[in-house]
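Below you'll find the structure, written out as structure tokens, and then a few comments.
The values are calculated or read from the model by the stated rules, or taken from the named source; none is laboratory data. These numbers come from a predicted model, not from an experiment. Cβ atoms come from the backbone with ideal geometry, glycine included; neighbour counts cover every protein chain shown.
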Amino acid sequence: MNSKPPAKNPQAAKAPRKKRPPRSKLKKSEIEAMFFRLREARPEPQSELNYANPYTLVVAVALSAQATDVGVNKATRALFAKVTTPAQMVALGEARLIEHIRTIGLFRTKAKNVIALSNMLIDDFGGDVPADREQLEKLPGVGRKTASVVANVAFGEPTIAVDTHIFRVANRTGLGPGKTPNAVEEILERIVPDHYKLHAHHWLILQGRYICKARKPDCPNCPLDDLCKFTKKTLAS
Ligand code: SF4
């Protein structure tokens, strides 16, 4: 009797393993419950950045990189009182724009980008802001996150731009665990139910900003406490 084990199929051994897409740690019913509660708390969430139209929204979001919304709003109050179109911004010019935004981090680079994106909007888009995320990403200083926020807030696209707050909330709760913002965005786009997608971005940001704060999450007062998988929840004092 031949006791040798059957020879391995060399083709099968070489076949690359299919990478499983990252998964939420929450069950479908828990994800539904999470967004149901976030919607109950804030039925119509709004951006906390001040803006007057899609153009001023692009400018405000571009200025908000590594800055707080409160700081950006302070700087743009006077600016948006006189500038609401790309042509007006170009007429204002980089030097005077800097005077308005010098309290915001990276103001020189941001001023350059705002003037450049205003020129591009005039030259390539007839002075209008494109609604398409890929077109938005072509604008100087407008990355994937900014484009996603503008597409969502100004044009009602169900995009989820992952900022520092969403990254933290998604990882702590287990909703969308991921090592990079892109990885978290990929999983959120797949698992957030369609009927919650339009506002998911704002609900998660506000959850991170006011409850699931970076240094000390307010777990005892969190509406997601029983769903959240974070292992270091804070206790009531
Ligand atoms: S229970 Fe705590 S860690 Fe979990 S989402 Fe709420 S505040 Fe954040």
(request) Output the number of the condition that SER118 fails; it satisfies all remaining conditions of (1) more than 16 Å from the ligand (Cβ to nearest atom); (2) at positive phi; (3) at pLDDT 95 or above; (4) not acidic (Asp, Glu). (result) (2)
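Being touching a Leu at 6+ places or on another chain (Cβ under 9 Å) and closer than 19 Å to PRO177 by Cα narrows it down to one of ILE191, ILE205, so name that one. Working first, answer last.
On the way: ILE205 fails: touching a Leu at 6+ places or on another chain (Cβ under 9 Å).
Exactly one residue qualifies, and that residue is ILE191.
Sort through ALA62, ALA67 and tell me the only one that's in a loop (DSSP other than H, G, I, E, B) and within 23 Å of the chain's Cα centre (by Cα). Show your work before the answer.
Numbers: ALA62 fails: in a loop (DSSP other than H, G, I, E, B).
Within the list ALA62, ALA67, the selection yields ALA67.
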(message) I need the full set of residues from the stretch 134-158 which are assigned to a helix (DSSP H, G or I), over 13 Å from the mean Cα position of the chain (by Cα), surrounded by fewer than 24 Cβ atoms within 10 Å (Cβ to Cβ) and not small (Gly, Ala, Ser), in order please.
(response) GLU134, GLN135, PHE155
(request) Could you check ALA161 against (1) part of a loop (DSSP other than H, G, I, E, B); (2) within 16 Å of the ligand (Cβ to nearest atom) and say which number it fails? (result) (2)
(request) For LEU198, state whether it is closer than 17 Å to ASN152 by Cα and either within 11 Å of the ligand (Cβ to nearest atom) or of a type in the set (Lys, Arg) (or both). (result) no
(request) Scan the helices (runs of 4 or more DSSP H) fully inside the stretch 82-129 and keep the ones with 3 or more residues being not assigned by TED's automatic domain parsing to the domain that holds GLY141. (result) none
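Could you grab me the full set of residues in the stretch 143-178 that are of a type in the set (Lys, Arg) and at pLDDT 95 or above? Show your work before the answer.
The first filter runs over the stretch 143-178 and keeps only residues of a type in the set (Lys, Arg), leaving 144-145, 168, 172.
Answer for the stretch 143-178, where residues must be of a type in the set (Lys, Arg) and at pLDDT 95 or above: ARG168, ARG172.
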(message) Looking at the stretch 33-58 only, could you name the residues that are among the acidic types (Asp, Glu) and surrounded by fewer than 15 Cβ atoms within 10 Å (Cβ to Cβ)?
(response) GLU40, GLU44
(request) Starting from the stretch 22-47, take each residue that is aromatic (Phe, Trp, Tyr) and list its partners that are part of a helix (DSSP H, G or I), counting only C-beta distances under 9 angstrom and pairs at least six apart or across chains. (result) PHE35/HIS195; PHE35/TYR196; PHE35/HIS199; PHE35/ALA200; PHE35/TRP203; PHE36/TYR196
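Scan ILE211, ILE187 and give me the residue that is touching a residue at least 60 places away in the same chain (Cβ under 8 Å) and surrounded by fewer than 22 Cβ atoms within 10 Å (Cβ to Cβ).
Numbers: ILE211 fails: touching a residue at least 60 places away in the same chain (Cβ under 8 Å).
Only one candidate qualifies: ILE187.
Identify all residues within the stretch 201-237 that are more than 7 Å from the ligand (Cβ to nearest atom) and touching a Pro at 6+ places or on another chain (Cβ under 7 Å); write none if there are none. Quick ask: steps written out before the conclusion?
Step one: list which residues in the stretch 201-237 are more than 7 Å from the ligand (Cβ to nearest atom), which gives 201-206, 208-210, 213-216, 220-221, 223, 226-227, 229, 231-232, 235-237.
Within the stretch 201-237, HIS202, TRP203, LEU206, LEU235, ALA236 qualify.
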